[in-house]
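The values are calculated or read from the model by the stated rules, or taken from the named source; none is laboratory data. Not measured: the values here are computed from a predicted model. Quick reminder, even Gly has a Cβ in these numbers, built from the backbone with ideal geometry, and neighbours come from all protein chains shown. Accessible surface is based on the protein model in full, side chains and every heavy atom, while ligands, DNA and RNA are left aside. Shrake-Rupley method; radii C 1.70, N 1.55, O 1.52, S 1.80 Å.
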Amino acid sequence: MIQTDENFQESGFFFAWYEKNKRDLPWRQTKNPYLIWISEIILQQTRVVQGMEYYLRFIRRFPDVESLAGATQETVLKYWQGLGYYSRACNLHEAAKDIQRRFGGIFPQRYEDILSLKGIGEYTAAAIASFAWNQPYPVVDGNVFRVLGRLYAIQTPMDTGAGKKKYTELARLLMNPRMAGLHNQAVMEFGALQCVPQNPDCGRCPFVNRCMGYASGNPQKFPVKQHKTKTRDRYFHYLYIVYNRKYTYLHRRTQNDIWKGLFELPLIETEQTMDFAGLQETPAFGKLFRGAGTPVLTVEKSGIKHVLSHQVLHATFYRVELQKESAALKNYLKIEKNALDDYPVPKLIYNYLSEVV
């Protein structure tokens, strides 16, 4: 384990690099914990270049805790549309309402109170506390795992309890508590721009003569991971149903599954890939269109592959023209086609609708 001294020499290397290379990002120009919170939640699963536009749009609509807490979940999800991992938006909304109830609308300053908010873990709580108030809590995200894992050639897998404890303790020892926010920002940025996952430019790294991962000859093997993410395939058949040339149908996802709270077109999910002839034979298809006369159907999009963190969706979109409404369709939300844009939908469906509506 590293021995610290009063000079915090490693922090000095990070600070010098950060001063020369840091990106000019709007959430770095504020000490407002609310804005820092929003940026951290967006950036959990989104790259900076993609998240910037969403961050600016979101805070324009919801500039403070009160405006976020007072909105409907549907509105919040609409402004989150396209970012994915929609539980983040639902948690933001619930946490904002909690701040209104418990803290009078003032974002809490104590680390323990921040950690008690829904959707906020140790990493996010440490980021908010250190960036907004310079509190000495180390931030340990994927970038920090990578930097420390390589710098000290840590053999303990990062995705174990012992590994997380070891990395957190090391991050704490490295951090100058008087400059906690700056230190956390610098190490995270170093991992994002310099010590990147693949093909890091070690020759230009200020730690090249101190990095044990580089000395091992293969820095990319760090940080060590124990578990591999398992993925599963799912087969989605979406039906864009047009009734009487004017109306269509939506369904809100309420199960503890992907996209909870978002709207989608009527869906038939199968256990394997299936053409339309096979789809017609499924009980779900028969139930949906029983009593609807003869639907006029076309395949508009097929072979779409939508990759999520632990799942791969294989999607086909069908357009179905109906002159008669089936009994099953009365269980769906019937809306005018030109109102589709009012409802938050997953990016997969948004992309399809933006082309056909």
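Can you tell me, using C-alpha contacts under 8 Å and at least 6 residues apart, the relative contact order of the stretch 270-357 as a whole percent? Mind showing how you got there, number by number?
Numbers: 77 pairs, mean separation 23.2, N = 88.
Across the stretch 270-357, relative contact order equals 26 percent.
As a test of reading the structure, rank Lys22, Lys287 by solvent-accessible area (1.4 Å probe, protein chains only), most first. Each step should come with its number before you reach the end.
Details: Lys22 95, Lys287 130 Å².
Of Lys22, Lys287, the descending order of accessible area is Lys287, Lys22.
For Arg28, what accessible surface area do you get with a 1.4 Å probe? Give it in Å², rounded to 10.
For Arg28, solvent-accessible area is about 50 Å².
In nm, what is the difference between 0.36 nm times the number of residues separating Arg101 and Arg245 and their Cα-Cα distance?
Fully extending the segment from Arg101 to Arg245 adds 47.2 nm.
Quick one: which residues, 5+ away or cross-chain, put their amide H under 5 Å from the amide H of Gln311? H built at 1.01 Å from N.
Close amide H contacts, sequence-distant or interchain: Arg232.
Treat each spin label as a single point 7 Å out from the Cα along the C-beta direction, and report the Asp201 to Gln311 distance in nm.
Between Asp201 and Gln311, the label points sit 4.0 nm apart.
As a test of reading the structure, rank Arg61, Arg234, Arg178 by solvent-accessible area (1.4 Å probe, protein chains only), most first. All intermediate terms of the calculation are to be shown ahead of the outcome.
Working: Arg61 90, Arg234 15, Arg178 165 Å².
The most accessible residue leads, giving Arg178, Arg61, Arg234.
If you roll a 1.4 angstrom probe over the protein chains with everything in place, what fraction of the accessible area of the stretch 106-155 belongs to carbon and sulfur, to the nearest %? Could you put the intermediate results ahead of the total?
On the way: 940 of 1820 Å².
Within the stretch 106-155, the accessible surface is 52 percent carbon and sulfur.
Could you give the nm distance between label points at Arg61 and Lys230, where each point is 7 Å from its Cα heading toward the beta carbon?
Modelled inter-label distance: 3.7 nm.
Relative contact order of the chain, please, whole-number percent, based on alpha carbon pairs below 8 angstrom and at least 6 residues apart.
Numbers: 552 pairs, mean separation 59.1, N = 357.
Relative contact order for the chain comes out at 17 percent.
Could you do me a favour and compute the accessible area per residue for the stretch 288-357, 1.4 Å probe, result in Å²? Please report the intermediate quantities before stating the final value.
On the way: 3840 Å² over 70 residues.
Here the per-residue accessible area is 55 Å².
Enumerate the calculated ³J(HN,Hα) couplings along the stretch 222-230 in order (Karplus 6.51 cos²θ - 1.76 cosθ + 1.60, θ = phi - 60°), each rounded to whole Hz, writing x wherever the residue is Gly or Pro.
Calculated HN-Hα couplings, in order: 10, x, 6, 10, 8, 9, 9, 6, 8 Hz.
Rounded to the nearest 5, what % of the DSSP beta bridges within the chain are antiparallel ones?
Details: 20 of 32 bridges.
Of those bridges, close to 60 percent are antiparallel.
Amide H to amide H, which residues 5 or more places from Val196 or on other chains are under 5 Å from it, using H placed in the peptide plane?
For Val196, whose amide H was placed from the backbone, the distant partners under 5 Å are Asp201.
Please work out how much accessible surface Met212 shows to a 1.4 Å probe, ignoring ligands, DNA and RNA, in Å² rounded to 10.
Here the accessible area works out near 100 Å².
For the stretch 262-267, take each phi angle, set θ = phi - 60°, evaluate the Karplus expression 6.51 cos²θ - 1.76 cosθ + 1.60, and give the result in whole Hz per residue in order, putting x for glycine and proline.
Values per residue, Gly and Pro as x: 8, 9, 8, 5, x, 10 Hz.
Quick one: net charge around Met158, please, counting Lys, Arg +1 and Asp, Glu -1 for every other residue with C-beta under 10 Å from its C-beta. List each step's numbers first, then the result.
On the way: positive: Arg146, Lys164, Lys166, Lys225; negative: Asp159.
Charge balance near Met158 sits at +3.
Using a 1.4 angstrom probe on the protein heavy atoms only, line up Val196, Val49 by accessible area, largest first. It would help to have the intermediate numbers written out before the result.
Numbers: Val196 35, Val49 110 Å².
Highest to lowest solvent-accessible surface, that is Val49, Val196.
In nm, to one decimal, how far is the modelled label at Glu281 from the one at Lys260, with both set 7 Å along Cα→Cβ?
Between Glu281 and Lys260, the simple spin-label model gives 3.6 nm.
Can you give me the P(r) profile for the chain? Cα pairs, bins 10 angstrom wide beginning at 0, each as a whole percent.
Going out from 0 Å in 10 Å bins, the chain shows 5, 21, 25, 21, 16, 9, 3, 0, 0 percent.
Please tell me the relative contact order of the stretch 86-183 in percent, rounded to the nearest whole number, where contacts are Cα pairs under 8 Å and at least six residues apart.
Working: 94 pairs, mean separation 23.7, N = 98.
For the stretch 86-183, the relative contact order is 24 percent.
Quick check: residue separation of Glu321 and Leu267 times 0.36 nm, minus the Cα distance between them. What number comes out in nm?
Details: separation 54, 0.36 × 54 = 19.44 nm, distance 1.59 nm.
Extending this stretch completely gives an extra 17.9 nm.
Once you have all Cα-Cα distances for the stretch 40-121, histogram them in 5 Å bins from zero and send the whole-percent values.
For the stretch 40-121, the binned pair fractions read 3, 15, 26, 26, 19, 10, 1 percent.
Between Thr72 and Lys165, what is 0.36 nm times their sequence separation minus the Cα-Cα distance? Round to one decimal in nm. Kindly include the intermediate steps, with their values, before the conclusion.
Numbers: separation 93, 0.36 × 93 = 33.48 nm, distance 3.86 nm.
29.6 nm is the gain from fully extending Thr72 to Lys165.
Give the accessible area for Leu182 in Å² (nearest 10); use a 1.4 Å probe, count only protein heavy atoms, and leave out ligands, DNA and RNA.
Using a 1.4 Å probe on the heavy atoms, I get roughly 70 Å².
In whole Å, what three semi-axes, largest first, describe the equivalent ellipsoid of the stretch 206-276 built from its Cα gyration tensor (square root of 5 times each eigenvalue)? Present the calculation step by step, with values, prior to reporting the outcome.
On the way: eigenvalues 483, 50, 29 Å².
Semi-axes from the Cα gyration tensor: 49, 16, 12 Å.
Calculate the translational D of the stretch 167-314 in whole µm² s⁻¹ from Stokes-Einstein, where the hydrodynamic radius comes from the Kirkwood formula applied to all Cα pairs, the temperature is 25 °C and the viscosity 0.890 mPa s.
Calculated translational D: 117 µm²/s.
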